[in-house]
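To keep things clear, I will list the structure first and then write my remarks on it.
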Amino acid sequence: MLDINDIEINSLTRIDNVAGDVLHVLKCSDNGFKSFGESYFSWIHYNSIKAWKRHKRMTMNLVVPIGRVRFVFYSTKQNKFRIEDIGESRYCRITVPAGIWFGFKGLSQPSSLILNTSDIMHDPNEVDRLDLYDIRYSWE
């Protein structure tokens, strides 16, 4: 079974351009790419929290091109957390294998934008959910 130690962080290229920067996200030759299911954007407002979720089959590739977001991953096996803050100042991709509990919090005003490129299409039957306080973590 995969765990929080199996989460990959990959630095991404940001190409400065006077007319507007180019931000790389994911190539089929990159670590973390398995196959393409779908891509979608999600906004998270400042100080808002979306937690807890665990995918049974989906591998996620998470990027924050606008703002900054704190991702919190939880290992039930180790009773341990892994925290990753990413965004404009730390532009990278987090690859999260299936089976890991996670949540996230918006750290930038007014909102931050998250891009998820996953290996399967969304299926409400392949995700487990818990309430915010079911996993004891201090979001402060």
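The values are calculated or read from the model by the stated rules, or taken from the named source; none is laboratory data. No experiment lies behind these values; they were computed from the predicted model shown. Neighbour counts are summed over all protein chains in view; Cβ atoms, including those assigned to glycine, are modelled from backbone coordinates with ideal geometry. With ligands, DNA and RNA removed, areas are computed over all heavy atoms of the protein, side chains included. Shrake-Rupley method; radii C 1.70, N 1.55, O 1.52, S 1.80 Å.
What pairs in 53/80; 80/105; 27/77 have C-alpha atoms more than 23 Å from each other? Check vs 23 Å cut-off fails for 27/77. Charging the Cβ of each Asp and Glu at -1 and of each Lys and Arg at +1, and nothing else, the dipole of the chain about its Cα centre rounds to 260 debye. By the scheme Lys and Arg +1, Asp and Glu -1, what is the net charge of all other residues having a beta-carbon under 12 Å from that of residue 48? Taking every Cβ under 12 Å from that of residue 48, the sum is +3. In terms of its alpha-carbon gyration tensor, the range 75-121 comes out oblate; a/c meets the 1.5 threshold, while b/c is at least as large as a/b. Net charge of the neighbourhood of residue 25, taken over other residues with C-beta under 12 Å away and scored Lys/Arg +1, Asp/Glu -1, is +2. Look at where the Cα atoms of the range 1-27 and of the range 63-140 average out, and the two centres are 15 Å apart. For the chain, the solvent-accessible area works out to 56 Å² per residue, with a probe of 1.4 Å and every protein chain left in place. Phi angles of the range 36-51 translate, via the Karplus equation with coefficients 6.51, -1.76, 1.60 and θ = phi - 60°, into HN-Hα couplings of 10, x, 6, 10, 8, 9, 9, 8, 10, 6, 3, 6, 7, 10, 10, 7 Hz per residue; Gly and Pro are given as x. Between (1) 54, 39, 23; (2) 47, 34, 26; (3) 60, 37, 28, which entry matches Cα extents along the principal axes in Å as derived from the coordinates of this structure? It is the one labelled (2).
Over all other residues within a Cβ to Cβ distance under 14 Å of residue 105, the charged ones net out to +1, with Lys and Arg as +1 and Asp and Glu as -1. I'd like to know which of 139, 71, 9 lies farthest towards the positive end of the charge dipole of the chain, counting +1 on Cβ of Lys and Arg and -1 on Cβ of Asp and Glu. Checked the options; the winner is 139. Atom-type composition of the exposed protein surface of the chain places 49 percent of the accessible area on carbon and sulfur (1.4 angstrom probe). Just checking the listed ones, 12, 115, 23: in the Gaussian network model of the chain with Cα springs under 10 Å, the one fluctuating most is 23.
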